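Here the structure comes first, spelled out in structure tokens, and everything after it is commentary.
Bear in mind that the values in this text are calculations on the coordinates, not laboratory data. Every value quoted in this text rests on a predicted model; they were computed, and no experiment measured them. Every residue, glycine as well, gets a Cβ built from its backbone with ideal geometry; the counts of neighbours run over all protein chains shown.
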Amino acid sequence: MIFEMRSPETVLFGRKVREQLPELLPEGNVFIICGAHSKNILEKELLPKLAGKKVELFTGFPAEAPLDITDHALNAARNVNARSIIGWGGGSCIDAAKTVASLLDSGISASEAFRSDLPLNERKCFFAALPTTAGTAAEMTPNAVLCDPESNVKKSLRGSAMFADAALIDPELLMGAPDHVIYSSGFDALTQGIESTISAKSDAMTMMLSIEGTFLTWQGLQQYSAGNREIGVFEALARGCMLSGAAFVRSGLGAAHGIGHPISGSKGVPHGVCCAILLIEVLKWNLPVVHEKMLQLSRRLDCGTPEQFIDAVAALRCKCGLPENFKDWSLAAADFPFVVKNCRSGSMKSNPRPFSDEEVAALLEKLI
Ligand SMILES: [Fe+2]
């Protein structure tokens, strides 16, 4: 059996690991893509420690990383001759930073890379990722999800150059995020944990990671939604996301992600919300072929049978105030052909029970 387990060069996890970033940086200018909420902490904590280096901050990425803004960031990083690229923020900041780092010395744009589908396997600059949400696990993976605003197509750039040199996962960076961000990113991580557990490509090693990751995310969401704001809750959410991310690099995901991408790309449904809406129906669809794997998961979460586990996921979604259908985004039958045409990504291929086009449309019919 050929066995391969890949991850960022260095993963640092724990309270205040962010403070180790300055000593990891090589010589040269620094370009940081960060969320608007992170700017204060960067200016207060990090920039004073980088005196002597030219540092450029780039903010203003919306929730999904659009190609045109990613190209603006890439040009800005080239203009300051950056040698270190830092993504400090939610998934879109980290995905954009990965793209900038991987293309910095290539001479091609993000739009050209997006359209060519070429793997990005060479990177000369340093790249570090510091997540401020426990959702996409972008800090752990070798792909960046970008959105083309012209075609509404959302897809991944991939390649080994996209693994971070250093992922610094500091649960303190999650504290203070609005509830809706904790819930939607948490359901993204939960979906990633569950889908990687039941994936057609999961194995003993990925399941060890993904079951534990799902358990921690589950605990974190249960406690957060019960009003607990202690650091231990944020640690559980951050660690759960990291473990499931380490799993799905190898196992892949499933149909909640596959079908979700064209819906969030075209309708503007936040990725985690999209996962939460699709997850229950996708689990019901998959259950007949993954009963044993789902039983392992439901036992770890103390949820009883797989059927009871699916009910418990729906109950948690309700407790987190997340919607159960796409009514608020006016998804209609007229949108189904676009979704069906654009859902056949790697995630659909690792879903354990295949879908025909008609079966994708029938699933969506239940959610409009
Ligand atoms: Fe996701």
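Assorted remarks:
- Some residue of segment 199-206 being within 16 Å of the chain's Cα centre (by Cα) and buried (at least 19 other Cβ atoms within 10 Å of the Cβ): no
- Some residue of segment 257-265 being in a helix (DSSP H, G or I) and surrounded by fewer than 22 Cβ atoms within 10 Å (Cβ to Cβ): no
Residues are listed down the side, and each one gets a yes or a no for (1) farther than 29 Å from Ala65 by Cβ; (2) within 18 Å of the chain's Cα centre (by Cα):
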{"position": "Arg250", "(1), (2)": "no, yes"}
{"position": "Ala255", "(1), (2)": "no, yes"}
{"position": "His271", "(1), (2)": "no, yes"}
{"position": "Val289", "(1), (2)": "yes, no"}
{"position": "Asp328", "(1), (2)": "no, no"}
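- Residues located in segment 50-91, provided they are part of a helix (DSSP H, G or I), touching a residue at least 40 places away in the same chain (Cβ under 8 Å) and within 26 Å of Gly272 (Cα to Cα): Leu67, Asp68, Thr70, Asp71, Ala73, Gly91
- Restricting attention to segment 281-309, the residues being β-branched (Val, Ile, Thr) and either surrounded by fewer than 20 Cβ atoms within 10 Å (Cβ to Cβ) or in contact with an Asp or Glu (Cβ under 6 Å, 6 or more places away or on another chain) (or both) number 2.
- Just one of (1) buried (at least 16 other Cβ atoms within 10 Å of the Cβ); (2) farther than 20 Å from Ala177 by Cα fails for Glu56. It is (1).
- Residue in segment 27-49 that is among the aromatic types (Phe, Trp, Tyr) and either touching a Cys at 6+ places or on another chain (Cβ under 6 Å) or loosely packed, with under 15 Cβ neighbours inside 10 Å (or both) present: no
- Selection within segment 139-160: residues that are within 16 Å of the ligand (Cβ to nearest atom) and small (Gly, Ala, Ser). The member of this set that is surrounded by the fewest Cβ atoms within 10 Å (Cβ to Cβ) is Ser156.
- Residue list for segment 289-314, restricted to those being in contact (Cβ under 8 Å) with a residue 60 or more places away in the chain and out of contact with any helix residue (DSSP H, G or I) (no Cβ under 8 Å at 6 or more places or on another chain): Val289
- In segment 120-138, the residues that are within 13 Å of the ligand (Cβ to nearest atom) and within 22 Å of Arg250 (Cβ to Cβ): Pro131, Ala134, Gly135, Thr136, Ala137, Ala138
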